Amino acid sequence: MKSDHIDLSPFYKFAGEHVAIGIHAIDTKGKTILYNKKMREIEGFDFEELADRSLLEMFRFDQHESTLLKVLQSGTPVFNVKQTYWNRKGQEITTINDTYPVFEERKLIGAIELSRDVTTLEKVIYQPLKKYGEPITFSAITAVSKSMKKVIATAEKAAMAKLPVLLVGESGTGKELIAEAIHWAHTSERQMYTLYCHGTDGTLLDQLGEEIEQMGDGTIYCERIDLLPLPMQEQLLKMAEERSRGNTYFIASVGDDPVELIASHKLLKDLYYFFSSMTIKLDPLRHRKEDILPFVEDYFSRHRMMVGSVVHGLDKEVSALFHAYDWPGNLKELELLLDEITSLLTTQEVVTADMLPHHFKLKTDLKGAHQPEDFIVQSNTELLPLEDYLFEAEMYYLQKAMDLHGNNVTKAAAALGMSRQNLQYRLRKIKKNEAQT
Ligand SMILES: Nc1ncnc2c1ncn2[C@@H]1O[C@H](COP(=O)(O)OP(=O)(O)OP(=O)(O)O)[C@@H](O)[C@H]1O
């Protein structure tokens, strides 16, 4: 839009880049033409990867990612779609999206998605750990694997020593849970305050200062300090040093190896030193799969107690699927999945494959197959010969088309705009290739 005197497009461009809403626009071919800073933060893609965005789009089949393409196809907007997912950096993100078709002189020219990042808000409202309405003790934490047993033993020692603690682990591995258990092992009288560092603005530490004044002594859990901008990390360090001379106890968490975070200038060395007198590393769930089924059992037993259900376990097929899956969102993802499954339970005692949500079936069907990310060219990975790359991309794409059409070759071929014979020929070629490798 232009005013009489000024060309407003540079202003719109500036606003688009700096606005606190994620914006992603595609043209009618699905090629990304706009992808602003906030969207890059939300989805966790680096700048170099953006050029390959259109390619990624081609392989976007997951429900949460395909709204743009759906709107492009239907020509009608979709509002208020809430999505929780694990982004490229392994961070759990919750957004609320509005997606619109874009028309110019009645002709469809693309689609645009506006995403509001409500991750922090969600956490404050949802507070999963408070869900059972009781203080978290070490004995309430599922710890069957050797690595989790070690975590509990070290956390118990940390609680006795009353030294600052640094919890290291991917999103959803149970860092906050351990922080709570340490807090409750210290004291049942004082409060614990959680500072969520993701998606924070400059006023957060001021708010924290006020909260601390109000709460008096207690425990402050600074969740994901590596997500705070460095100047705010300095501010936090100052505050932590001042407060820890009194009776305030500090626990912090980071989502990655702290040494690497320091090297990549995401974590202030001195802040790390402040917290690192006790460092506890929580392994991702895929490296301690022995914890999966015991966690499910613990979850079901709480469910029986709280809701009076009769659910007792998973059947063999579902157990095998749970075991084979990689759980990028760790126990948080498993817990959300169980929430979803149990919300539909009536009199069932055993969870069978047909009770699994569609999105999870899609993910587990993909087991061993290529993921969209595999097709993004990254600066630090070796390039494949073009022919191999295209063959792998074709394999992935055809397999997804077959999955989406229940392995019906006629339907998949129609959707792909090719003859049944052509598709069959290509699928045979893939099978032959798989047999050879
Ligand atoms: N070992 C465990 N036993 C029981 N529940 C667990 C365990 N680990 C995680 N959970 C549950 O999984 C969910 C996620 O855990 P939590 O919030 O502590 O993870 P986190 O590592 O702090 O994640 P984030 O970095 O995303 O905040 C919680 O609801 C927690 O109760």
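The values are calculated or read from the model by the stated rules, or taken from the named source; none is laboratory data. Everything numeric here is computed off the predicted structure, so don't read it as measured data. Glycine also receives a Cβ, built like all others from the backbone with ideal geometry; neighbour counts cover every protein chain displayed.
At-a-glance table
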| read-out | value |
| --- | --- |
| Filter result for LEU271 (among the hydrophobic types (A, V, I, L, M, F, W, C), in a helix (DSSP H, G or I), away from the ligand (no atom under 16 Å from the Cβ) and in contact (Cβ under 8 Å) with a residue 40 or more places away in the chain) | yes |
| Filter result for LEU261 (of a type outside the set (S, T, N, Q), within 15 Å of the ligand (Cβ to nearest atom) and out of contact with any Leu (no Cβ under 7 Å at 6 or more places or on another chain)) | no |
| Residue within region 273-284 that is among the β-branched types (Val, Ile, Thr), at pLDDT 95 or above, closer than 30 Å to THR187 by Cα and crowded, with 18+ Cβ neighbours inside 10 Å present | yes |
| Qualifying position, being more than 16 Å from the ligand (Cβ to nearest atom) and not in a helix (DSSP H, G or I), among VAL318, VAL310 | VAL310 |
| Subset of region 190-205 [at pLDDT 70 or above and charged (D, E, K, R)] | ARG190 |
| Residue check, LYS38 in a helix (DSSP H, G or I) and touching a residue at least 24 places away in the same chain (Cβ under 8 Å) | yes |
| Test result for ILE251, in contact with a helix residue (DSSP H, G or I) (Cβ under 7 Å, 6 or more places away or on another chain) and farther than 20 Å from GLU176 by Cβ | no |
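Residue by residue, here is whether (1) closer than 23 Å to PRO284 by Cβ; (2) among the small types (Gly, Ala, Ser); (3) more than 12 Å from the ligand (Cβ to nearest atom) holds:
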{"position": "VAL151", "(1), (2), (3)": "yes, no, no"}
{"position": "ALA155", "(1), (2), (3)": "yes, yes, no"}
{"position": "ALA159", "(1), (2), (3)": "no, yes, yes"}
{"position": "LYS162", "(1), (2), (3)": "no, no, yes"}
{"position": "LEU167", "(1), (2), (3)": "yes, no, no"}
{"position": "GLU170", "(1), (2), (3)": "yes, no, no"}
{"position": "GLY174", "(1), (2), (3)": "yes, yes, no"}
{"position": "ALA179", "(1), (2), (3)": "yes, yes, no"}
{"position": "HIS183", "(1), (2), (3)": "no, no, yes"}
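Conditions tested, residue by residue: (1) in contact with a Cys (Cβ under 9 Å, 6 or more places away or on another chain); (2) at pLDDT 85 or above; (3) within 16 Å of the ligand (Cβ to nearest atom); (4) not small (Gly, Ala, Ser).
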{"site": "GLU333", "(1), (2), (3), (4)": "no, yes, yes, yes"}
{"site": "LEU338", "(1), (2), (3), (4)": "no, yes, yes, yes"}
{"site": "THR352", "(1), (2), (3), (4)": "no, yes, no, yes"}
{"site": "GLN371", "(1), (2), (3), (4)": "no, no, no, yes"}
{"site": "LEU386", "(1), (2), (3), (4)": "no, no, no, yes"}
{"site": "ASP403", "(1), (2), (3), (4)": "no, no, no, yes"}
{"site": "GLY406", "(1), (2), (3), (4)": "no, no, no, no"}
{"site": "THR410", "(1), (2), (3), (4)": "no, yes, no, yes"}
